[in-house]
Amino acid sequence: MSRGKNAQLAVDLYQELHAAHGWSAQDAWKGIALLLLTCDLYEGKRTGWQPFHGAVIYRESNDFFVEHGNPSGVLKRAVRLTSYLESLLGVPAGMCCQSIGQYWRHVNVSGKQPHNLVGHAFRSIVLKILQLHGHKGLRYQEEVSPKLLFPGVALHLRSKAPKIDIVAFKEKRHVAMISTRWRFRHDRVDVDNESIAYKSAAMSTGHADCKFYAMLGEFSPARLEKVLKNTVGVSTNPSIDGTVHFRPDLITNQNALGENGRTAALKPLDWLIGETNKW
């Protein structure tokens, strides 16, 4: 399936940043942060994006508040996260919020509901990163129907019209499937069910070596754990070959969120890039 114009815009903006900075595979994540993270809150079509608390909004906005002059624990962690991100991106002190969210400030998307855009933008940027830095002998498709990929195989999934976010092909064989999720809405974490269904379908159609990865932008340790518990290196019977975050140390580093227990098994984006050489 060809990507929509707003997802293509995200890719175009990423390529401009990539060309300007000359990022390596280890730095490729920076474009995701600069484009999709934000300190602002979308307040609807009438008012659009508005400043919030001057910190990266990494989870539900109602967890960010100040009560009797005391910031919530989430807000305190967000301030740490923002400062740490600032240092990683190399932007001047106090300029993180002005530097990120570039996709959302673009005139073509600034007035649109972000939930309808961010998942597609994230998926398409990840694909472009794999094309730029990964194995050159692969081709990719977005939003692939599993009914076409695995004809005649029964798939037991919540969605009536499921799509595999990214499928990698080597010659005519599909060699890897990637489920991309920018965030999970509340506790609806479907990646574990997808991994079981798609890996089983791949095995039953003679593609037992086809890999399955989760590529995430989520920051909640509880939601990440639901995916990680089905992952190689964590599960005794894994269906996920790697759970990847675009920059895990934003979660695990003590100077950021400091959630290094349940999320320690997260893999970085450049690890996934390296995996393409094994497909």
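Results for (1) among the aromatic types (Phe, Trp, Tyr); (2) part of a strand (DSSP E or B), shown as yes or no for each residue.
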position: ILE196; (1), (2): no, no
position: LYS199; (1), (2): no, no
position: MET203; (1), (2): no, no
position: PHE212; (1), (2): yes, yes
position: VAL227; (1), (2): no, no
position: ASN237; (1), (2): no, no
position: VAL244; (1), (2): no, yes
position: ASN260; (1), (2): no, no
position: ASP270; (1), (2): no, no
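Give the residue, chosen from THR180, THR236, THR205, that is surrounded by fewer than 20 Cβ atoms within 10 Å (Cβ to Cβ) and under 22 Å from LYS160 (Cβ atoms).
THR205
Against the condition in contact with a strand residue (DSSP E or B) (Cβ under 9 Å, 6 or more places away or on another chain), surrounded by fewer than 19 Cβ atoms within 10 Å (Cβ to Cβ) and of a type outside the set (A, V, I, L, M), how does GLY134 come out, does it pass?
no
Just give me the residues in segment 111-131 being surrounded by fewer than 19 Cβ atoms within 10 Å (Cβ to Cβ), among the polar types (S, T, N, Q) and modelled with pLDDT of 95 or more, in sequence order.
Answer for segment 111-131, where residues must be surrounded by fewer than 19 Cβ atoms within 10 Å (Cβ to Cβ), among the polar types (S, T, N, Q) and modelled with pLDDT of 95 or more: just GLN131.
Which of the residues belonging to segment 26-68 are among the small types (Gly, Ala, Ser) and free of Cβ contacts under 8 Å to residues at least 12 places away in the same chain?
Residue satisfying the conditions is GLY44 alone.
Table: residues versus (1) under 16 Å from LEU269 (Cα atoms); (2) of a type in the set (A, V, I, L, M); (3) at pLDDT 95 or above.
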{"residue": "HIS135", "(1), (2), (3)": "yes, no, yes"}
{"residue": "GLU143", "(1), (2), (3)": "no, no, yes"}
{"residue": "ASP192", "(1), (2), (3)": "no, no, no"}
{"residue": "GLY206", "(1), (2), (3)": "no, no, no"}
{"residue": "GLY217", "(1), (2), (3)": "yes, no, yes"}
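Would you confirm, using the coordinates I've provided, whether ARG183 is within 20 Å of ALA33 (Cα to Cα), touching a helix residue (DSSP H, G or I) at 6+ places or on another chain (Cβ under 9 Å), assigned to a loop (DSSP other than H, G, I, E, B) and not assigned by TED's automatic domain parsing to the domain that holds ALA25?
yes
Which condition number in (1) surrounded by fewer than 21 Cβ atoms within 10 Å (Cβ to Cβ); (2) polar (S, T, N, Q); (3) part of a helix (DSSP H, G or I) is the one that ASN108 fails?
(3)
Looking at LYS226, is it more than 30 Å from ALA256 (Cα to Cα) and either touching an Asp or Glu at 6+ places or on another chain (Cβ under 6 Å) or not assigned by TED's automatic domain parsing to the domain that holds ALA78 (or both)?
No: the conditions fail for LYS226.
What number of residues in segment 21-79 are part of a loop (DSSP other than H, G, I, E, B) and either assigned by TED's automatic domain parsing to the domain that holds PRO268 or among the polar types (S, T, N, Q) (or both)?
4
The values are calculated or read from the model by the stated rules, or taken from the named source; none is laboratory data. Note that the structure is predicted; figures quoted are calculated from it, not measured. Cβ: placed from backbone, ideal geometry, glycine included. Neighbour counts: every protein chain shown.
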